[in-house]
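Trainee: Here you go, one structure.
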Amino acid sequence: MLVGAFSGLERFEGKAFGGRAIAYPIATLIVPVGWWIVARRRGGRPDYPYVLDILLVLPFLIDTVGNALDLYDTIGWWDDANHFVNWGILTLAFGELLLRLPLGRWNTLALAIGFGAVTAVLWEFAEYITFIRNSDELETAYTDTLGDLALGLSGSVVAAVVTARRRTPPVSGRSW
């Protein structure tokens, strides 16, 4: 992240690496800090949620590697694939959290889709604020943003269905 933020390499220009250098490390701390807080409150050491941690960090790693290898500028479909796949992965991470709560399948499905939709919108806001509004991409930003939102929501819906189907047994005792 620091190389992207301070190297001056063309592949990192206009990609908000200063913000990423701050936000991505914070994302890697969410699960360990949350687990530590829960462990202290419960007075024990619950099992560490490795799957949740990996799923939460993986999209940030994929994005960083994609930028480091210049895939966003050299492979036309890379950005689109990332919005679909990374929001699927992030929603699966949130789903791992939801599966620890006493929810039914429909509530799990709805909350996971809502999480995916809201975070996709927030990501697009962040993209606009950090680098689109002052870049050459501004002319095509509207179409790109709508496509990114549709792909992010689609990936989230797929992941939400997978998560809801994993919930066993349904809290209500009924299946769908």
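Trainee: Quickly run through the stretch 46-98 and pick out the residues that are farther than 17 Å from SER156 by Cα and hydroxyl-bearing (Ser, Thr, Tyr).
Mentor: TYR48, TYR50, THR64, TYR72, THR74 - these are the residues of the stretch 46-98 that are farther than 17 Å from SER156 by Cα and hydroxyl-bearing (Ser, Thr, Tyr).
Trainee: Is there any pair with a first residue in the stretch 73-91 that is of a type outside the set (A, V, I, L, M) and a second that is open to solvent by 70 Å² or more (accessible area, probe 1.4 Å) and part of a helix (DSSP H, G or I) whose Cβ atoms are under 7 Å apart and which are 6 or more apart or on different chains, and what are they?
Mentor: Between residues of the stretch 73-91 that are of a type outside the set (A, V, I, L, M) and residues that are open to solvent by 70 Å² or more (accessible area, probe 1.4 Å) and part of a helix (DSSP H, G or I), the close pairs are ASP73/ARG11; GLY88/VAL158.
Trainee: Something else about it: I want to confirm something. Restricting to the stretch 52-79 and keeping residues that are of a type in the set (Ser, Thr, Tyr) and open to solvent by 40 Å² or more (accessible area, probe 1.4 Å), which single residue is modelled with the highest pLDDT?
Mentor: Across the stretch 52-79, the extreme among qualifying residues is THR74.
Matching residues to (1) surrounded by fewer than 17 Cβ atoms within 10 Å (Cβ to Cβ); (2) among the small types (Gly, Ala, Ser); (3) under 18 Å from LEU58 (Cα atoms):
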{"residue": "ALA93", "(1), (2), (3)": "no, yes, yes"}
{"residue": "LEU103", "(1), (2), (3)": "no, no, no"}
{"residue": "TRP106", "(1), (2), (3)": "yes, no, no"}
{"residue": "ILE113", "(1), (2), (3)": "no, no, no"}
{"residue": "GLU124", "(1), (2), (3)": "no, no, no"}
{"residue": "TYR142", "(1), (2), (3)": "yes, no, no"}
{"residue": "ALA150", "(1), (2), (3)": "yes, yes, no"}
{"residue": "ARG167", "(1), (2), (3)": "no, no, no"}
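Conditions (1) at pLDDT 95 or above; (2) closer than 28 Å to GLY19 by Cα, marked per residue:
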| position | (1), (2) |
| --- | --- |
| ALA112 | yes, yes |
| GLU124 | no, yes |
| GLU127 | no, yes |
| ASN134 | no, yes |
| GLY155 | yes, yes |
| ALA159 | yes, yes |
| PRO170 | no, no |
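The values are calculated or read from the model by the stated rules, or taken from the named source; none is laboratory data. From a predicted model like this one, the values you see are computed outputs, not experimental measurements. Heads up, the Cβs are rebuilt from the backbone with ideal geometry, glycines too, and the neighbour counts pull from every protein chain shown. Side chains included, ligands, DNA and RNA excluded: accessible areas come from the protein's heavy atoms. Shrake-Rupley method; radii C 1.70, N 1.55, O 1.52, S 1.80 Å.
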